[in-house]
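Okay, so here's the structure we're looking at.
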Amino acid sequence: MRKWLAVLLPAYVLAGLAYAAGPEAENRPGAPQAYAGLGVGLVDYSGGGSKASPKLFGGYEFTNKLAIEAGGVDFKKGYGMYIAVKPTLPLSDRLSVYGKLGVARSRREIVLPAAPATRKSDTGAYGAFGLQYSVTPNTAITAEYERFGKKKDTGAKEDVWTLALKFFF
């Protein structure tokens, strides 16, 4: 419950900031701007099953075609963090497609019956692609596929499907 509050509270604050900025802060094509967002990632686990995990991210758009972004997903018994370059291709004034390429750091705690818990960490390549739909000039919805490093044999797998809200300010 506390984790969800930690995710939802910043979302409400960011939404309030985006609303308070008003029309004079509307996105101008190509104008540099910061953004932050929160989402829910669907994470598969070895041994079967999937779980919804919270994701937080933020970044800076240098133009409407290039940004840098950092974020993280809570894997319940571990995490995945990344920093990436994000090129974007606008398809219309509201819809765009993007990719991300960078570095990921993952940590997983593995608990097996009759054995002490072990932690495995790795650093590897991060890649993602997705769609972004601008609902308002300061708010967007994103849907993306992400890959956090190398193939994992135990714990949370490396592939994540994410649906998120993104706020510009």
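The values are calculated or read from the model by the stated rules, or taken from the named source; none is laboratory data. Keep in mind that this is a model prediction, so the values were computed, not measured. Note that each Cβ is placed from the backbone with ideal geometry, even for glycine, and that neighbours are counted across all protein chains shown. Each accessible area value is taken on the protein alone, full model and side chains, heavy atoms only, with ligands, DNA and RNA left out. Shrake-Rupley method; radii C 1.70, N 1.55, O 1.52, S 1.80 Å.
Annotations
- Taking the stretch 56-101 as the range and being more than 16 Å from residue 132 (Cα to Cα) and open to solvent by less than 70 Å² (accessible area, probe 1.4 Å) as the test, the residues that pass are 70, 71, 72, 73, 74, 75, 78, 80, 82, 84.
- Entry remark, the stretch 70-81: residues being touching a Gly at 6+ places or on another chain (Cβ under 6 Å) and closer than 17 Å to residue 143 by Cα number 1 in total.
- Residue 107 passes every criterion in (1) at pLDDT 95 or above; (2) open to solvent by 40 Å² or more (accessible area, probe 1.4 Å); (3) under 16 Å from residue 55 (Cβ atoms); (4) of a type outside the set (A, V, I, L, M, F, W, C) apart from (1).
- For the stretch 128-159, taking the residues that are surrounded by 15 or more Cβ atoms within 10 Å (Cβ to Cβ) and of a type in the set (A, V, I, L, M, F, W, C), the one that is modelled with the lowest pLDDT is identified as 156.
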